[in-house]
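A quick write-up on the structure given underneath.
The values are calculated or read from the model by the stated rules, or taken from the named source; none is laboratory data. From a predicted model like this one, the values you see are computed outputs, not experimental measurements. Quick reminder, even Gly has a Cβ in these numbers, built from the backbone with ideal geometry, and neighbours come from all protein chains shown. Keep in mind that these areas ignore ligands, DNA and RNA; they rest on the heavy atoms of the full protein, side chains included. Shrake-Rupley method; radii C 1.70, N 1.55, O 1.52, S 1.80 Å.
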Amino acid sequence: MVSKRPFGTTSNGEDVYLYTLIAGQYRAAISTFGATLQAFHAPDANGSVNDVVLGYGSLEPYVRTTTYFGMTIGRFANRIAKGRFTIDGVDYQVETNDGGVNSLHGGRTGFSFRVWHAETFEVGGMPGLMLTLHSPDGDGGFPGAVTVATSYLLKDNGELVIDYEASTDKPTPFNMTNHSYFNLAGAAGGAVLDHEVCLACDRYLPVDAALIPTGECLPVVGTPFDFTTAKPIGRDIGTVGGKGYDHCFVLADERPILKEFARVEDPVSGRTLTVKTTKPAVQFYTGNFLDGSEDGKGGVRYGRHAGFCLETQFFPDGPNHRNFPDCILRPDQTYRHTTIYAFSTR
Ligand code: GLA
């Protein structure tokens with residue numbers, strides 16, 4: 001089942017809608033502004049249904065956000081150092097919206113801040129929403145006109161399947177992700193430090209003070225980045241530098257086939273989340289920049305570590321590192337990416 005309601009109007013007069021997909025006990029609300037997962041309701045081990053993603057109750061905060069709660073990110077998720085890169089001998093400069101120095105999440109005019117065209121669909125009786133966008137040549141400084149489709153499919157077994165497909169008419173860096181912050185205790189549940197996380201990631205990318213990868217790819221073994229056996233998020237968080245985890249973890253198997261790499265469990269509610277992806281890496285981010293200063297849904301103020309993100313993607317700053325997987329989308333290629341967030345209970 002799908003319902004649709006108005007969700008505000010942008011300053012240039014574009015109407016935004018909120019679609020709600022319902023399948024069994026699960027509900028996913030998706031806004032056409034940023035193709036954003038605005039809410040996700042799932043039962044806990046006792047059958048009590050709660051919203052488990054962070055977000056805002058109206059359009060306005062999404063327009064100015066730097067949290068990217070639930071938003072679809074493109075053209076290039078994560079950072080590009082100094083917003084510069086070279087493709088086939090041509091230099092490009094994109095917007096430097098991260099401290100005025102680096103480019104973050106495709107810039108302030110990136111895919112997260114666009115109103116997407118939406119159409120509902122169904123697969124085997126399960127509800128879906130297909131969102132499409134055209135990004136012109138030179139958009140935010142990026143080369144090539146790009147056509148993008150992002151779809152959400154909700155299944156009554158608790159799976160939210162997100163598919164991305166894109167093509168371009170000139171080579172361009174291309175790296176999409178979803179920026180949901182999860183709190184399996186319920187989005188008003190405080191910090192996620194007790195959530196137990198297991199990641200099938202045997203390496204991670206060390207970063208500099210501006211969170212740009214140094215270019216090394218180091219083994220996690222013997223470091224606070226080792227989640228290969230489950231441990232609480234909070235166990236080593238004080239020793240990773242900065243305010244917590246905000247690092248790219250490399251999947252042990254980098255082949256572009258759909259595989260499960262993450263399992264998270266909230267010991268109190270008994271909710272679990274497993275994640276599968278076709279991408280070679282994931283940014284594990286623990287909401288370090290949340291400081292309780294903004295009103296979230298229902299007036300909730302999200303403090304530091306109020307949610308965790310598993311942003312499946314190519315490596316950050318990929319266009320500037322030859323030893324990182326190739327993240328340039330070329331005209332003879334189609335970008336395809338699938339990530340599945342699967343909710344269940346212990
Ligand atoms: C990503 C980045 C973080 C932060 C958030 C948005 O996860 O890696 O450093 O910028 O997005 O607040």
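Count of segment 278-321 residues, restricted to those that are closer than 22 Å to Pro206 by Cα, more than 12 Å from the chain's Cα centre (by Cα) and among the hydroxyl-bearing types (Ser, Thr, Tyr), is 1. Within the option set Arg79, Arg75, Arg84, Arg108, being open to solvent by less than 10 Å² (accessible area, probe 1.4 Å) and charged (D, E, K, R) holds for one residue only, Arg75. Being crowded, with 18+ Cβ neighbours inside 10 Å, among the polar types (S, T, N, Q) and more than 17 Å from the chain's Cα centre (by Cα) is the requirement here; does Thr272 meet it? In short, yes. Considering the conditions (1) of a type in the set (Asp, Glu); (2) touching a residue at least 24 places away in the same chain (Cβ under 8 Å); (3) out of contact with any strand residue (DSSP E or B) (no Cβ under 8 Å at 6 or more places or on another chain), Asp291 is excluded by exactly one of them, (2).
When the strands (runs of 3 or more DSSP E) confined to segment 257-312 are screened for residues that are within 13 Å of the ligand (Cβ to nearest atom), those reaching at least 3 such residues are found at 281-285. All of Ala35, Ala28, Ala45 fail the test of being at positive phi, away from the ligand (no atom under 16 Å from the Cβ) and at pLDDT 95 or above, apart from Ala35. Evaluating Tyr204 against the criteria (1) crowded, with 23+ Cβ neighbours inside 10 Å; (2) touching a residue at least 60 places away in the same chain (Cβ under 8 Å) leaves one unmet condition, (2).
The residues of segment 294-336 that are farther than 25 Å from Leu59 by Cα, of a type in the set (Phe, Trp, Tyr) and in contact with a strand residue (DSSP E or B) (Cβ under 7 Å, 6 or more places away or on another chain), listed by number, are Phe314, Phe315, Tyr335. Here Leu129 meets each of (1) within 21 Å of Glu95 (Cβ to Cβ); (2) more than 16 Å from the ligand (Cβ to nearest atom); (3) not aromatic (Phe, Trp, Tyr) with one exception, condition (1). No other residue among Thr10, Thr67, Thr36 is surrounded by fewer than 19 Cβ atoms within 10 Å (Cβ to Cβ) and in contact (Cβ under 8 Å) with a residue 60 or more places away in the chain apart from Thr10. What residue, among those in segment 97-113 that are in contact with a Gly (Cβ under 7 Å, 6 or more places away or on another chain) and over 19 Å from Asp246 (Cα atoms), is farthest from the ligand (Cβ to nearest atom)? Here the answer is Thr109. For segment 209-253, the candidate set comprises residues that are free of Cβ contacts under 8 Å to residues at least 12 places away in the same chain and within 16 Å of the ligand (Cβ to nearest atom); within that set, the residue that is nearest to Thr312 (Cα to Cα) is Thr214.
Listed here are the residues, each with its yes/no results for (1) within 20 Å of the chain's Cα centre (by Cα); (2) among the hydrophobic types (A, V, I, L, M, F, W, C).
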{"site": "Thr20", "(1), (2)": "yes, no"}
{"site": "Arg27", "(1), (2)": "yes, no"}
{"site": "Thr32", "(1), (2)": "yes, no"}
{"site": "Gly55", "(1), (2)": "yes, no"}
{"site": "Pro61", "(1), (2)": "yes, no"}
{"site": "Phe69", "(1), (2)": "yes, yes"}
{"site": "Asp91", "(1), (2)": "no, no"}
{"site": "Asn97", "(1), (2)": "yes, no"}
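For segment 297-311, the set of residues classified as open to solvent by less than 10 Å² (accessible area, probe 1.4 Å) and of a type outside the set (Phe, Trp, Tyr) consists of Ala306, Gly307, Cys309, Leu310, Glu311, listed by residue number.
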